[in-house]
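Take a look at the structure set out below.
The values are calculated or read from the model by the stated rules, or taken from the named source; none is laboratory data. Fair warning: this is a prediction, and the values are worked out from it, not measured in the lab. As a convention, Cβ positions derive from the backbone with ideal geometry for all residues, glycine included, and neighbour counts pool all protein chains shown.
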Amino acid sequence: MSRIDDLEHSAVWVLGDAAGAPRRLTAIARGDLSVSVVRELDLDVVSNEPPDRHALIVGLDDLDKERAGARMKQLAAETALHLR
């Protein structure tokens, strides 16, 4: 997960390309998810650099398997898919 709130769409693709560069890959898709959605599910987002702007969703490990799975499905449903 990357923190992209203040970036233009073209800059987000640059981040994805940079992440794939060591494997000679370019970004072909991405999923955008708001921090507010994560927090509404009683989870949180914390910085985890490097790489630049990297973040983690935390709080799933505190839930039992069934509740964590339900939260992950809710996160997936709220994620906007962008194809390049």
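What do you reckon, is VAL37 β-branched (Val, Ile, Thr), modelled with pLDDT of 95 or more and in a helix (DSSP H, G or I)? Please lay out each step first, then the result.
Values: β-branched (Val, Ile, Thr): yes; modelled with pLDDT of 95 or more: yes; in a helix (DSSP H, G or I): yes.
It is true that VAL37 is β-branched (Val, Ile, Thr), modelled with pLDDT of 95 or more and in a helix (DSSP H, G or I).
Going through the range 43-75 one residue at a time, which ones are over 19 Å from SER10 (Cα atoms) and in contact (Cβ under 8 Å) with a residue 24 or more places away in the chain?
Within the range 43-75, LEU43, VAL45, SER47, ALA55, LEU56, ILE57, ARG71, GLN74, LEU75 meet the criteria.
Kindly evaluate LEU15 against the criterion of being surrounded by 15 or more Cβ atoms within 10 Å (Cβ to Cβ) and not in a loop (DSSP other than H, G, I, E, B).
yes
Which of the residues belonging to the range 68-83 are more than 11 Å from the chain's Cα centre (by Cα) and assigned to a helix (DSSP H, G or I)? Reasoning before the result, please.
Taking the range 68-83 and keeping what is more than 11 Å from the chain's Cα centre (by Cα), we get 68-74, 77-78, 81-83.
Within the range 68-83, ALA68, GLY69, ALA70, ARG71, MET72, LYS73, GLN74, ALA77, GLU78 meet the criteria.
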